[in-house]
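Okay, structure first, notes after.
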Amino acid sequence: MAVIVETPDGLGKVLHAACSVGLVPTMGALHAGHLSLIEQAAQENEQVVVSIFVNPTQFENPSDLDRYPRQLEEDIAIVGDAGADAIYTPAAETIYPCGFGTTIQLQGSSDDWEGAARPGHFAGVATVVTILLNHVRPNRAYFGEKDFQQLAVIRQLQRDLSLPVEIIGCPTVRDADGLALSSRNVALSPAERAEALAIPRALFVMQTEAKRGNHNVAGLLTRGRAILEQAPQLNVDYLAIVEPRMLRPLEVLVPGARAIIAATIGETRLIDNVELVPSAAV
Ligand code: AMP
């Protein structure tokens with residue numbers, strides 16, 4: 001069973017100095033995507049901490065924060081079964097004590113896409129992740145490729161500040177129909193969900209084309225957009241092909257090139273991405 005811990009001091013009592021520690025930061029409402037991160041962390045570390053903290057500073061829209069699903073009791077059961085040693089559920093005042101006044105503002109990987117659509121979002125993410133890393137002091141921290149720009153931002157944060165942690169990116173887990181698992185999917189009606197499937201369909205057509213040797217970025221985007229147009233309720237915010245480090249748009253494909261997308265259906269904003277060309281480590 002995983003121990004529930006609410007303070008850095010409590011973590012100190014559970015974690016052994018001699019053991020390697022893996023941290024999986026989450027906002028709860030756990031699903032099989034989160035579980036895959038926890039399982040990978042359990043394979044690669046002697047102890048695993050899963051943090052569950054719905055971070056208010058990364059929600060630029062208060063109603064989005066209110067709507068975010070919360071299910072701590074279920075999450076605790078899920079984490080216990082997955083082989084984590086501790087669940088870190090700090091109170092907001094533990095993360096942001098009275099008088100807190102520091103924000104980490106990155107430039108580069110966070111500038112475009114989600115950064116442009118959600119001002120302040122990545123500053124909130126970078127700040128809370130730094131605090132969580134300082135509380136837990138893990139050897140490795142695990143993040144999903146599902147949130148590919150977030151992973152790029154955390155990698156830049158680690159590089160820029162020489163944070164003493166290894167950042168591990170984990171593959172996206174999808175439902176059988178291709179939709180990437182997300183805590184936000186519960187908000188989709190069956191009709192919305194059916195339309196949302198145009199997202200993975202477009203991405204996988206682009207990936208297949210790229211694998212066949214079509215490296216023409218404009219042509220690949222046209223193929224993807226044609227599929228998205230078949231889902232009229234889907235409001236596409238962006239579909240782009242970018243390099244994997246700073247997420248700059250590409251004119252020709254490079255190793256690690258990614259197709260990234262954000263689209264809104266009803267009230268729900270979904271993001272997804274696929275790799276188009278195999279990467280060396282980035
Ligand atoms: P969240 O609770 O949504 O902030 O996600 C916590 C972590 O789980 C992040 O590193 C996400 O990228 C990762 N994650 C979310 N969904 C998936 C998925 N479908 N597959 C793999 N990782 C995921």
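For this structure, a couple of remarks:
- Members of the stretch 170-196 found to be in contact with a strand residue (DSSP E or B) (Cβ under 6 Å, 6 or more places away or on another chain), of a type outside the set (A, V, I, L, M) and within 13 Å of the ligand (Cβ to nearest atom), listed by number: Cys170, Thr172, Arg174, Arg184
- Comparison of Gly169, Gly224, Gly219 shows that the only residue that is in a helix (DSSP H, G or I), modelled with pLDDT of 95 or more and either in contact with a Phe, Trp or Tyr (Cβ under 9 Å, 6 or more places away or on another chain) or over 24 Å from Asp111 (Cα atoms) (or both) is Gly219.
- Those residues of the stretch 104-118 which are in a helix (DSSP H, G or I) and buried (at least 19 other Cβ atoms within 10 Å of the Cβ), in sequence order: Glu114, Gly115
- Applying the criterion of being within 9 Å of the ligand (Cβ to nearest atom) and more than 14 Å from Pro138 (Cβ to Cβ) to the residues of the stretch 36-57, the residue that is surrounded by the most Cβ atoms within 10 Å (Cβ to Cβ) is Ile52.
- Close pairs from the stretch 10-32: first touching a residue at least 60 places away in the same chain (Cβ under 8 Å) and within 16 Å of the ligand (Cβ to nearest atom), partner part of a strand (DSSP E or B) and of a type in the set (Gly, Ala, Ser), Cβ under 7 Å, at least 6 apart: Leu23/Ser51; Leu23/Ala141; Pro25/Ser51; Pro25/Ala141
- The single residue among Asp237, Asp160, Asp177 that is of a type in the set (Asp, Glu), surrounded by fewer than 18 Cβ atoms within 10 Å (Cβ to Cβ) and in contact with a Ser or Thr (Cβ under 9 Å, 6 or more places away or on another chain) turns out to be Asp237.
- Across the stretch 159-169, the qualifying residues are those that are of a type outside the set (Lys, Arg) and over 17 Å from Glu44 (Cβ atoms), and the one among them that is nearest to the ligand (Cβ to nearest atom) is Leu163.
- Qualifying residue in the stretch 82-94 (condition: assigned to a helix (DSSP H, G or I) and under 22 Å from Thr264 (Cα atoms)): no
- Ala141 being farther than 21 Å from Arg258 by Cα, buried (at least 21 other Cβ atoms within 10 Å of the Cβ) and touching a helix residue (DSSP H, G or I) at 6+ places or on another chain (Cβ under 7 Å): yes
- Filter result (assigned to a strand (DSSP E or B) and more than 17 Å from the chain's Cα centre (by Cα)) within the stretch 4-48: Ile4, Val5, Val21, Gln47, Val48
- Total residues in the stretch 66-101, condition farther than 14 Å from Leu11 by Cβ and hydroxyl-bearing (Ser, Thr, Tyr): 2
The values are calculated or read from the model by the stated rules, or taken from the named source; none is laboratory data. The shown structure was predicted, so the numbers you read here are calculated from the model rather than taken from an experiment. All Cβ positions, even for glycine, are placed from backbone atoms using ideal geometry, and neighbour counts span all protein chains on display.
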